[in-house]
Amino acid sequence: MRLTALAPSVPQELAFELDKIGITTETDLLFRETPLEIFQKLPQGTISLKDLKSLILRVTELCAAPGVVSLDIPPIRNTPLSSGLPSLDRIAECCVGFPIVEISGDVASGKTSLVLNLALRLLATDPNSAVLWIDTRGDFSVERAV
């Protein structure tokens, strides 16, 4: 989203100054550079570093989806997860009816292979299903997965 669309939370004059240094969207503001690096590129007197940090927090709040506790999401899936391994499928039966499943474990324990297998099987057997992969550590390797 363009920062100019977030007025009045992002003052237009500040949005224009940020645009001049290549910060045009909330993604640019939140992820491209540190607040200090952005502050150092702005003309002196445009905004204080403290106010820039406050602005970044405000933009984060404006652009973030509201938080939801998984227990508050109504059960919607009736399709059981299937790995093709009966012993593992018995464990996966506990996931029926829950829209969110978290898989965790040690590094190189087979989580990626397991989840890809489960996801592909679910998508192949239930055309109304969807899979969202959230990599909380940032080390997902597409090359390893393919």
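The values are calculated or read from the model by the stated rules, or taken from the named source; none is laboratory data. Note that the structure is a prediction, hence the values are computed from the model and not measured. Positions of Cβ are backbone-derived with ideal geometry, glycine not excepted, and every protein chain shown enters the neighbour counts. Just so you know, the surface numbers come from the protein's heavy atoms only, side chains and all, with ligands and any DNA or RNA stripped out. Shrake-Rupley method; radii C 1.70, N 1.55, O 1.52, S 1.80 Å.
Atom-type composition of the exposed protein surface of the chain places 58 percent of the accessible area on carbon and sulfur (1.4 angstrom probe). With protein chains left intact and a 1.4 Å probe, residues in the chain average 72 Å² of accessible area per residue. For the chain, the C-alpha radius of gyration divided by 2.2 N^0.38 Å, with N the number of residues, is 1.49. Against the chain, whose longest principal axis comes from its Cα atoms, helix 111-125 is set at around 70 degrees. Helices in the chain, meaning DSSP H runs of at least 4 residues, each add -39500 (n - 2.57). Divided by all residues, the mean residue ellipticity at 222 nm is -11000 deg cm²/dmol.
With loop defined by DSSP as not H, G, I, E or B, and exposure as at most 16 other Cβ atoms within 10 Å, which is the longest segment of the chain clear of exposed chymotrypsin sites (Phe, Trp or Tyr not before Pro)? Excluding the exposed sites themselves, the longest stretch runs over 1-132. Rounded to the nearest 10 degrees, the inclination of helix 49-63 to the longest alpha-carbon principal axis of the chain is 40 degrees.
Pairs of lysines in the chain whose Cα atoms sit within less than 26 Å of one another amount to 5, provided the residues are eight or more positions apart or on different chains. For residue 25, the amide hydrogen comes within under 5 Å of the amide hydrogens of 3, counting only partners 5 or more places away or on other chains and with H modelled in the peptide plane.
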